[in-house]
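In what follows, a single structure is set out as structure tokens and then discussed.
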Amino acid sequence: MLSIVIPIYNEEGLIDDLLDRTVSALEAFTSDYEILIVDDGSKDHSLQYLLSRQNKNHKIKVLSLSKNFGHQAAFTAGLEHASGEIIGMMDGDLQDPPELFSEMYRKITEEDYDIISGTRTGRKGSSSRNFYTFLFHLFFRNIAVIHNMKNTGNFSMMKREAVTALLSMKEKVRYLPGLRSFIGFKQGSVEFVRDERSEGEPKMSLSKLFILAADAIFAFSRFPIKFCLYLGLIGTFVFMCAGVYVLIAKIFGFAVIGWSSTLLSIYFLGSIQLVSLGVVGEYVYRIYKESQNRPVYFVKKFYDGNSKK
Ligand code: UDP
Ligand code: MG
């Protein structure tokens, strides 16, 4: 069986479209599938709409979370509740074309790949959002300890073995594309041009997007702490030079100059220390989050087609 996991947060305007397109894309190549929609604590009518669709098509299953836990947590919840041998992941706003699942499925079943990711060769539309995402991927590619992650997000398909490996990593701060890339297996990709969202506003606010980027950078690179180290080294070098100058000034008797250099050095050292402290604080926060060991999500109800509402 093939499971497709889709997270939804306040998407009432596009649920019909999403399910119509996904169902017909899947039925083009298999009849043995389930579409597992994770309702990430929507405050609009998304859940009602989903349940009424489920009444008509029992291959649609709805996992309702107890509140909004965020995109990555919702995907994790879906993966943990999917029962397929092959599992696909897709955003719920139709930016990723469900029609591509047939090619992903073919590569997995015929070419024996374990993981196929969607690689974006371009993006339709030109929002500042696209620009930030582009910058993130450019930056991340150059600092990350994982190297097969060019322009790829959550849109993907995996064999059960790979999903089990992915889910065995219990870290609380989760950047799934990074984890997927990290686990190895035979990985391939299909290319596509990312569409504009089919309806409504993005449900990942810009601040959520920046937090996701920070999660990725802290989890998959040493950049933040290295940055502090280099800043410290530069500071040390600059002030060694300044120290030599001060000594020479002392020896040659023109010492009592400038409060400006004193102030500058205090500012410079102070700012290096504050930045470094902030970065170390961020690591401490993340260690604290992990050690709290709270579940990534809570399920309110799983409408798997067997239970009555
Ligand atoms: N989403 C979610 N929980 C959230 C935010 C978003 O489940 O807290 C869903 C959203 O409904 C959509 C997908 O995650 O199906 C991607 O969100 P969005 O399109 O806003 O993000 P972007 O395309 O900017 O990455
Ligand atoms: Mg989107």
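Among the residues that make up region 250-264, is at least one of them open to solvent by 50 Å² or more (accessible area, probe 1.4 Å), assigned to a helix (DSSP H, G or I) and at pLDDT 85 or above? There is no residue in region 250-264 that is open to solvent by 50 Å² or more (accessible area, probe 1.4 Å), assigned to a helix (DSSP H, G or I) and at pLDDT 85 or above. Just one of (1) within 16 Å of ligand 1 (Cβ to nearest atom); (2) open to solvent by less than 10 Å² (accessible area, probe 1.4 Å); (3) among the charged types (D, E, K, R); (4) farther than 16 Å from LYS301 by Cα fails for GLU34. It is (1). Find all pairs meeting these conditions: Cβ atoms under 8 angstrom apart; at least six residues apart or on different chains; first residue within region 8-27 and closer than 23 Å to LYS67 by Cα and open to solvent by 70 Å² or more (accessible area, probe 1.4 Å); second residue in a helix (DSSP H, G or I) and away from ligand 2 (no atom under 13 Å from the Cβ). That search, which allows pairs on different chains as well, returns ASP16/TYR49; ASP16/ARG53.
Note on region 67-90: among residues that are of a type in the set (Gly, Ala, Ser) and in contact with a Ser or Thr (Cβ under 6 Å, 6 or more places away or on another chain), the one that is farthest from ligand 2 (Cβ to nearest atom) is GLY84. Looking at (1) open to solvent by 40 Å² or more (accessible area, probe 1.4 Å); (2) among the charged types (D, E, K, R); (3) part of a helix (DSSP H, G or I), which is the only condition ARG294 fails? Failing condition for ARG294: (3).
Could you say which residue among SER205, SER156, SER168 is within 16 Å of ligand 1 (Cβ to nearest atom), surrounded by fewer than 15 Cβ atoms within 10 Å (Cβ to Cβ) and hydroxyl-bearing (Ser, Thr, Tyr)?
Numbers: SER156 fails: surrounded by fewer than 15 Cβ atoms within 10 Å (Cβ to Cβ); SER168 fails: within 16 Å of ligand 1 (Cβ to nearest atom).
SER205 is the lone residue from the list that is within 16 Å of ligand 1 (Cβ to nearest atom), surrounded by fewer than 15 Cβ atoms within 10 Å (Cβ to Cβ) and hydroxyl-bearing (Ser, Thr, Tyr).
When region 82-99 is filtered for residues that are within 12 Å of ligand 1 (Cβ to nearest atom) and not in a loop (DSSP other than H, G, I, E, B), only MET89 remains. Contact map, region 179-205: first residue under 15 Å from PHE101 (Cα atoms), second residue within 16 Å of ligand 1 (Cβ to nearest atom) and open to solvent by 50 Å² or more (accessible area, probe 1.4 Å), Cβ cut-off under 8 Å, separation 6 or more or different chains; pairs are VAL193/ARG123; VAL193/LYS124; ARG194/ARG123; ARG194/LYS124. Taking region 17-70 only, how many residues are more than 23 Å from LEU100 (Cβ to Cβ), basic (Lys, Arg) and in a helix (DSSP H, G or I)? Qualifying residue count for the region: 1. Are there any pairs with C-beta distances below 6 angstrom linking a residue in region 120-143 that is at pLDDT 85 or above and hydrophobic (A, V, I, L, M, F, W, C) to a residue that is open to solvent by 60 Å² or more (accessible area, probe 1.4 Å) and part of a helix (DSSP H, G or I), with the two at least 6 apart or on different chains, and if so which? Between residues of region 120-143 that are at pLDDT 85 or above and hydrophobic (A, V, I, L, M, F, W, C) and residues that are open to solvent by 60 Å² or more (accessible area, probe 1.4 Å) and part of a helix (DSSP H, G or I), the close pairs are ILE143/PHE223.
The values are calculated or read from the model by the stated rules, or taken from the named source; none is laboratory data. Keep in mind it's a predicted model, so treat the numbers as computed, not measured. Quick reminder, even Gly has a Cβ in these numbers, built from the backbone with ideal geometry, and neighbours come from all protein chains shown. Keep in mind that these areas ignore ligands, DNA and RNA; they rest on the heavy atoms of the full protein, side chains included. Shrake-Rupley method; radii C 1.70, N 1.55, O 1.52, S 1.80 Å.
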